[in-house]
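The structure appears right after this line, and notes come after that.
The values are calculated or read from the model by the stated rules, or taken from the named source; none is laboratory data. All values derive from a computational prediction rather than experimental measurement. Quick reminder, even Gly has a Cβ in these numbers, built from the backbone with ideal geometry, and neighbours come from all protein chains shown. The protein model used for the area step is the full one, side chains on, heavy atoms only, and it has no ligands, DNA or RNA in it. Shrake-Rupley method; radii C 1.70, N 1.55, O 1.52, S 1.80 Å.
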Amino acid sequence: MLDAVPLMNTTDTLLHLAALLEQRKKEEPNQSYIASLFAKGDDAVLKKIGEEATEVVMAAKDMRGGIHSSKLIAETADLWFHCLAMLAYFDLSPALVVAELERRAAMPGLEEESLNKLRKRENEKTNKI
């Protein structure tokens, strides 16, 4: 009976998962997948992001062949989950990502692109010094 369960909005869902990941960080590696992943270090966490991103790309390519969208949705959920895990690993909140997306949504696309190019040039200058 879905009507009896209040549905969370997207931000609520992300924050709920972030809290769950923070809890799992504190568990023993043999008790939790996330704890075991974190115990392996940042290379393992980042490698998992790469693996999941590749699976999303492969599922998206399968969409051209008429494969059902449920595969793409499931793989994207895996990627998002592991991105949330990466944020938790580095003690960052998904609220920061949501705030960045909201900031970008408020800016016209060409203005955002120009700002990104300017930031890139500034970073390149800083790295040369």
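Restricting to the stretch 10-30, name every residue that is β-branched (Val, Ile, Thr) and touching a helix residue (DSSP H, G or I) at 6+ places or on another chain (Cβ under 7 Å). Correct list: Thr11 only. Listed by first and then second residue, the pairs with beta-carbon distance under 7 Å, at least 6 apart or on different chains, first residue in the stretch 44-63 and assigned to a helix (DSSP H, G or I) and at pLDDT below 95, second exposed (fewer than 14 other Cβ atoms within 10 Å of the Cβ) and not hydrophobic (A, V, I, L, M, F, W, C), are Met63/Ser69. Within the stretch 34-54, the set of residues being over 20 Å from Pro94 (Cα atoms), open to solvent by 50 Å² or more (accessible area, probe 1.4 Å) and not aliphatic (A, V, I, L, M) comprises Lys40, Asp43, Glu51, Thr54. Taken as a whole, the condition of being farther than 26 Å from Thr11 by Cα and either open to solvent by less than 90 Å² (accessible area, probe 1.4 Å) or touching a strand residue (DSSP E or B) at 6+ places or on another chain (Cβ under 8 Å) (or both) does not apply to Ala95.
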